[in-house]
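Engineer: First, the structure itself, so that you have it in front of you.
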Amino acid sequence: MNKKFVLNLGANMVSFLLSVLFSMWLTPFVIQHLGVEAFGFVTLTQNMINYFSVITVALSAVVVRFFSVSAHRGEFDEARGYMNTFMISSFILSLILLLPILAMIGFVDQIIQVPADLLGDVQIALIIGSLLFLLTFFMSGFSAGPFFSNKIYITSTIQAVQMMIRVSCVVCIFSWFTPRIWYIQFATLIAVASACILSIFFFKKLIPWYTFRMKDMSLTKCKKLLRLGGWSSVNQVGILLFLQIDLMVANVMLGVSQSGMYAAIIQFPLLLRTLSSTLAAVFSPTITLYYSKGNKEGLVRYANQAVRFNGMMLALPAALLGGLAGPFLTIWLGPSFEHLKWLLLIHAGYLVLCLSPSPLFYIFTSYNKLRTPALATVAFGVINLLLAIVLSGPAGLGLYGIAISGAIALMLKNVFFTPIYTSKITGERKQVFYKGIYAPLAGASFALAICYTIEFFFTVNSMFTLLLTALIVSIAYILFVYGVICTKEERQEIFVLLQKLWSSASVPFQKGFFK
């Protein structure tokens with residue numbers, strides 16, 4: 001583990017923990033001021049806007065790859081061309097997208113169930129959400145700076161600042177004015193605008209050789225981005241069918257109230273997915289570098305390590321979420337939400353297994369093999385949608401049917417398809433990328449068993465006992481991983497890393513900085 005990896009990982013974990021803390025505090029705060037039905041529209045309106053990412057991802061998903069590969073090979077003019085082509089194309093595409101977005105806003109009550117007294121607020125939320133979406137699209141290109149420099153911690157720090165600004169703005173606006181749904185989107189827009197300024201600043205610092213020139217706009221490069229990005233758009237259709245269709249199904253099939261409750265419950269499974277994405281992003285620059293240098297043996301070895309490490313980092317929060325679901329919901333949102341604990345357990349259980357292979361997605365991008373994964377994602381996404389409709393409605397399983405459908409579809413995609421297809425494009429044996437999945441499953445099972453053992457003997461009925469239980473389980477998990485799961489070489493590596501961190505921390509004292 002080198003210094004950059006530790007910094008990237010540490011920053012991502014801090015960003016994730018802040019997300020958890022802010023979600024734990026902000027969700028009951030907003031529900032208290034808006035009500036559970038109105039709260040459901042906070043997430044649902046942004047999800048509806050995000051459906052247009054099917055179009056924008058054709059550019060944003062691949063520009064970082066082309067920019068980084070060209071820059072790693074010393075082709076700086078080529079890299080500048082890709083970035084400038086993206087910036088001009090993204091601006092033009094944003095203007096074009098405003099028309100269908102405005103049309104959707106005008107007919108929103110024909111698409112989803114919206115109470116008459118909330119229609120105006122929902123439409124304003126959609127208008128602000130569309131501006132937020134387009135700004136995020138434009139800002140995505142600037143992530144190429146930290147990615148190329150392997151300084152992902154900068155991106156994570158900007159995300160943390162964005163979250164703090166968002167929460168601060170929500171509190172201030174809700175305190176000064178009568179609470180409305182669209183205030184959440186407005187606060188988020190302020191936060192994202194601030195993050196955009198920081199992203200541009202750091203991009204210029206990290207890539208001093210970059211200059212923006214209109215003449216660098218290249219139709220050839222634009223076509224190349226769109227050709228590869230076209231499959232990213234197809235893939236995005238599948239992702240939306242996985243991640244942002246469940247609230248729509250809950251609203252249409254089960255009503256506004258059930259949709260609002262699900263919007264509150266689904267936040268922490270979504271945070272687990274976010275953690276998986278941020279952890280995978282830590283490994284992505286090195287995966288891209290191995291590919292750029294033609295080191296396939298190093299790429300395969302590193303990808304396996306990434307899958308294993310990613311899964312081990314996810315196993316603990318997933319086990320805590322599932323094992324302490326009952327007391328957590330009671331303490332967090334109140335006794336009326338306690339009966340939904342099995343929803344969290346279902347999500348936590350399958351996400352440990354399904355999110356571990358996330359670093360492998362970057363191999364698809366590096367090898368420019370996006371067509372088959374995109375088609376597979378759409379196919380499994382359609383399965384998810386159809387199962388969610390059937391299980392939640394005709395089968396009578398309600399919200400549990402939506403959760404079960406997600407478990408089935410995502411396991412088919414990530415546990416079966418992803419490792420096998422990765423082995424195919426790298427020319428390895430089919431089972432080679434399964435090595436990293438077993439350890440996280442064992443770790444999560446151990447932590448879950450500890451949770452249930454503690455709850456059997458003691459009552460967890462306060463925030464103090466909840467946090468104390470989580471701390472005990474975390475310590476037991478760390479000891480289990482270190483003593484049972486880690487190899488001798490990994491334990492030695494951890495020991496050396498801790499020595500380095502201790503030495504670095506003791507330097508100020510040795511120099512007398514605090515005398």
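The values are calculated or read from the model by the stated rules, or taken from the named source; none is laboratory data. Computed from a prediction, not measured in an experiment: that's the story for all the values here. Positions of Cβ are backbone-derived with ideal geometry, glycine not excepted, and every protein chain shown enters the neighbour counts.
Engineer: Go through the stretch 303-329 and give me each residue that's in contact with a Ser or Thr (Cβ under 9 Å, 6 or more places away or on another chain) and either farther than 23 Å from residue 458 by Cα or surrounded by fewer than 19 Cβ atoms within 10 Å (Cβ to Cβ) (or both).
Structural biologist: Once the filter is applied, which keeps residues that are in contact with a Ser or Thr (Cβ under 9 Å, 6 or more places away or on another chain) and either farther than 23 Å from residue 458 by Cα or surrounded by fewer than 19 Cβ atoms within 10 Å (Cβ to Cβ) (or both), the stretch 303-329 yields 303, 306, 307, 308, 310, 311, 312, 313, 314, 315.
Engineer: Only one residue in 188, 178, 211 is outside any helix (DSSP H, G or I) and either at pLDDT 85 or above or farther than 22 Å from residue 79 by Cβ (or both), so which one is that?
Structural biologist: That would be 178, the only listed residue that is outside any helix (DSSP H, G or I) and either at pLDDT 85 or above or farther than 22 Å from residue 79 by Cβ (or both).
Engineer: Here's something else I'd like to know. Could you grab me the full set of residues in the stretch 241-284 that are in contact with a Phe, Trp or Tyr (Cβ under 6 Å, 6 or more places away or on another chain) and not small (Gly, Ala, Ser)?
Structural biologist: Answer for the stretch 241-284, where residues must be in contact with a Phe, Trp or Tyr (Cβ under 6 Å, 6 or more places away or on another chain) and not small (Gly, Ala, Ser): just 275.
Rundown of residues vs (1) on the phi < 0 side of the Ramachandran plot; (2) at pLDDT 85 or above; (3) under 22 Å from the mean Cα position of the chain (by Cα), yes/no style:
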{"position": "258", "(1), (2), (3)": "yes, no, no"}
{"position": "281", "(1), (2), (3)": "yes, no, yes"}
{"position": "288", "(1), (2), (3)": "yes, no, yes"}
{"position": "293", "(1), (2), (3)": "yes, no, no"}
{"position": "307", "(1), (2), (3)": "yes, yes, yes"}
{"position": "312", "(1), (2), (3)": "yes, yes, yes"}
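Engineer: Residue by residue through the stretch 360-369, note down the ones that are closer than 19 Å to residue 409 by Cα and surrounded by 22 or more Cβ atoms within 10 Å (Cβ to Cβ).
Structural biologist: 360
Engineer: Another question, then. Restricting to the stretch 70-93, give me the number of residues that are under 16 Å from residue 145 (Cα atoms), among the aromatic types (Phe, Trp, Tyr) and surrounded by fewer than 20 Cβ atoms within 10 Å (Cβ to Cβ).
Structural biologist: The total comes to 1.
Engineer: Taking only the stretch 383-407 into account, find how many residues are surrounded by fewer than 16 Cβ atoms within 10 Å (Cβ to Cβ) and assigned to a helix (DSSP H, G or I).
Structural biologist: 2
Engineer: Select from the stretch 245-293 the residues that are crowded, with 19+ Cβ neighbours inside 10 Å and not in a helix (DSSP H, G or I) and list them in ascending order.
Structural biologist: 245, 266, listed by residue number.
Engineer: Taking helices (runs of 4 or more DSSP H) that do not extend beyond the stretch 422-514, which have at least 2 residues that are modelled with pLDDT of 85 or more?
Structural biologist: Answer list for the stretch 422-514: 438-457, 463-480.
Engineer: Please work out which one of (1) among the aliphatic types (A, V, I, L, M); (2) modelled with pLDDT of 75 or more; (3) over 17 Å from the mean Cα position of the chain (by Cα); (4) surrounded by fewer than 19 Cβ atoms within 10 Å (Cβ to Cβ) is the condition residue 21 fails and give its number.
Structural biologist: Going through the list (1) among the aliphatic types (A, V, I, L, M); (2) modelled with pLDDT of 75 or more; (3) over 17 Å from the mean Cα position of the chain (by Cα); (4) surrounded by fewer than 19 Cβ atoms within 10 Å (Cβ to Cβ), residue 21 breaks only (3).
Engineer: Regarding residue 413, is this residue modelled with pLDDT of 85 or more and basic (Lys, Arg)?
Structural biologist: Spelling it out, residue 413 is indeed modelled with pLDDT of 85 or more and basic (Lys, Arg).
Engineer: Tally time: how many residues in the stretch 32-47 are surrounded by 18 or more Cβ atoms within 10 Å (Cβ to Cβ) and in a loop (DSSP other than H, G, I, E, B)?
Structural biologist: 0
Engineer: Could you tell me whether residue 1 is surrounded by fewer than 22 Cβ atoms within 10 Å (Cβ to Cβ) and at pLDDT 70 or above?
Structural biologist: So residue 1 fails the test.
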